[in-house]
1. Which residue out of Leu38, Leu75, Leu70 is within 13 Å of Val6 (Cβ to Cβ), of a type in the set (A, V, I, L, M, F, W, C) and in a strand (DSSP E or B)?
2. Using beta carbons and a limit of 7 Å, which pairs, at least six apart or on different chains, have the first residue in the stretch 1-28 and within 15 Å of Ala67 (Cβ to Cβ) and loosely packed, with under 14 Cβ neighbours inside 10 Å and the second one modelled with pLDDT of 95 or more and among the small types (Gly, Ala, Ser)?
3. Is one or more of the residues making up the stretch 46-61 of a type in the set (Lys, Arg), over 14 Å from His83 (Cα atoms) and part of a helix (DSSP H, G or I)?
4. Inspect all residues belonging to the stretch 47-65 and state whether any of them is of a type in the set (Phe, Trp, Tyr) and within 13 Å of the chain's Cα centre (by Cα).
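The values are calculated or read from the model by the stated rules, or taken from the named source; none is laboratory data. Keep in mind it's a predicted model, so treat the numbers as computed, not measured. Cβ placement follows ideal geometry from the backbone for every residue including glycine, while neighbour counts extend to all protein chains displayed.
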Amino acid sequence: MPEVFVRFNEPIVSRGGVAYYPRVCGRKDDIGRWEAWLEFEPRNGGPVLRSARETVQPNRTDLSYWAGGLTHVYLEGALDRAHAVTHRNGHD
């Protein structure tokens, strides 16, 4: 079951001018590692965007550490990647 590791209070604005609130989500995979992705919830409602897997860490503690170190610039890039995944999968 996925869990939210970090919720960011500062929105990230897409190239189209839409503000999204990012969060880092993760879960344990089939061999015991932890994988994480980012989700972006639009400030004014609408579908949540989800990136592909962003990292794999050996344990939950390392995933929490990784999530806590994400920068605004990283989140901007992840939002671009989430848009690309959404369009590639035929959504939006």
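1. After applying the criteria, what remains is Leu38.
2. Every condition considered, the pairs that remain are Pro2/Gly26; Glu3/Gly26.
3. Within the stretch 46-61 (the criterion being of a type in the set (Lys, Arg), over 14 Å from His83 (Cα atoms) and part of a helix (DSSP H, G or I)), the answer is yes, since at least one residue qualifies.
4. no
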